[in-house]
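Here is the structure we will look at.
The values are calculated or read from the model by the stated rules, or taken from the named source; none is laboratory data. For clarity, every value in this text was computed on a predicted model and none was experimentally measured. With ideal geometry, Cβ positions are generated from the backbone for all residues, glycine too; neighbour counts draw on all protein chains shown.
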Amino acid sequence: MNEQAMEESGMAHRTGQLASQSAGERAGQLAGHAQVPVAPEVKAAPDTVTAAFEDFMQAFEAFKEGNDQRLSEIEHKLTADVVTRDKVERINKAMDEQSRLLDELALKKLRPPLSRAGRDGQGQGFGHDQRSPVDAEHKAAFEAYIRRGDDVALRELDQKALNAGVSGEGGYLVPPETDGEIGRRLTAISPIRALATVRQVSGSVLKKPFAAAGFAAGWVAETAARPQTATPELSELSFPTMELYAMPAASQALLDDAAVDTEAWIAAEVDIAFAEQEGTAFVSGDGINKPKGFLSYTQVVDSAWTWGSIGFKATGVAGGFAASGASDVLMDVIYALKAGHRQNGSFVMSRRTQGEIRKLKDADGNYLWQPPARVGDTASLVGFPVAEAEDMPTIAAGATAIAFGDFRAGYLVVDRVGVRVLRDPYSAKPYVLFYTTKRVGGGVQNFEAIKLVKFAAS
């Protein structure tokens, strides 16, 4: 489908939405209710990111109009009309769906096709292939291993290599091109990885020294004695790497088909599986055979915060926001961070929690949640970016459903260099298994850089 056809399809989709909306408004008038927009229906997925973004913005405008009507009814009648409330919820859910579609289209746009020079006749040497001769040789050897189980070329490369990063017995390193593709797409899928500091290590454990307090200093007279000041103590944080694996399978006939891009297939299979598992671990992992998530550390009231724990601010109501001043807790958690961390802060919450946040206004009647200004940007809350992490808990009594912090300073992701692939053509005939492993670790490295919002009375 060409660009003109896609744009025409998008226009037809939006025209159908407007027609449906007008019918709903006429029905509302006949029922005696004020005009309240009907929730936009996602009848067909938009073909372009631009069309999806336009649909999302139309849904947001409909949501604001409907929610304003709901708030007006509460102000005049102390309760919102059931019809109005249901319509707002439908629009809110439609916005979530359209936001998901927009994220999927944006993610697809971030997936550049892997170069297949030499196979399609387009490659004309190193200048067009954009790989060094060494990488090209590694790629060809790895493909021979994947397709036919021929490891002769890989063993020859091992013998010629002079660095310690070369694989040992039991498997082979994925060529640099495929390994880099997996890393880029993991960042796009796993929100905490995108926000946190990522370190690559060659060992199994990363040990990080940390000083919880700085040097002591004081004023002194010109001729007064100068005794020794207190020296800070260094503590050690340890971040072990845990093994993450996937084992996709393919038939030998599929591998023999020259039209199949085996490297792109491995990346597509592995990146989703890895991203889902590590995304969950970075949020709520218990640290046993997996990284330790920031929600798994001891949580205390922020006024009693000490090093080694995560401070939180309570909403004052179990399972919800306060009836008056609902947004105050958001301001409290923002200013609970020190200025150096606050300026780099981001909100992290699930899509469902974000749907509830959309309804909040400030004292001047402005919505605290704002949609992205353009395609590719993120939504903002009180001027700070919002990252969606579906592994965050939803709003419930005692749940810490919202996190705010400087995750670049607060959370550390540790990657063991290299993704390993072991080809197994024997265990599951007629399929060929690809045992793919990666070692990943993670944990909080600065406990004062992350704060939580707890939906509890105190």
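Values as computed for the structure displayed
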| read-out | value |
| --- | --- |
| Sole exception among (1) at pLDDT 85 or above; (2) not in a loop (DSSP other than H, G, I, E, B) for ILE272, by number | (1) |
| Count of region 353-377 residues which are surrounded by fewer than 17 Cβ atoms within 10 Å (Cβ to Cβ) and within 20 Å of the chain's Cα centre (by Cα) | 6 |
| Complete set of residues in region 218-269 that are assigned to a strand (DSSP E or B) and either hydroxyl-bearing (Ser, Thr, Tyr) or more than 36 Å from the chain's Cα centre (by Cα) (or both) | SER235, SER238, TYR245, SER251 |
| Flag for ALA403 being touching a residue at least 60 places away in the same chain (Cβ under 8 Å) and surrounded by 16 or more Cβ atoms within 10 Å (Cβ to Cβ) | yes |
| Contacts under 8 angstrom Cβ, first residue in region 240-255 being among the β-branched types (Val, Ile, Thr), partner buried (at least 19 other Cβ atoms within 10 Å of the Cβ), 6 or more apart | THR241/LEU206; THR241/VAL414; THR241/ASP415; THR241/ARG416; THR241/ARG439; THR241/VAL440; THR241/GLY441 |
| Residue count for region 371-382, restricted to those that are in contact with a helix residue (DSSP H, G or I) (Cβ under 9 Å, 6 or more places away or on another chain), part of a loop (DSSP other than H, G, I, E, B) and of a type outside the set (D, E, K, R) | 6 |
| Filter result (without any contact (Cβ under 8 Å) to a residue 12 or more places away in the chain and in a loop (DSSP other than H, G, I, E, B)) within region 344-370 | ALA363, ASP364, GLY365, ASN366 |
| Of all residues making up region 277-321, the number that are acidic (Asp, Glu) and buried (at least 16 other Cβ atoms within 10 Å of the Cβ) | 2 |
| Given (1) assigned to a loop (DSSP other than H, G, I, E, B); (2) in contact (Cβ under 8 Å) with a residue 12 or more places away in the chain; (3) of a type in the set (Gly, Ala, Ser), index of the condition SER324 fails | (2) |
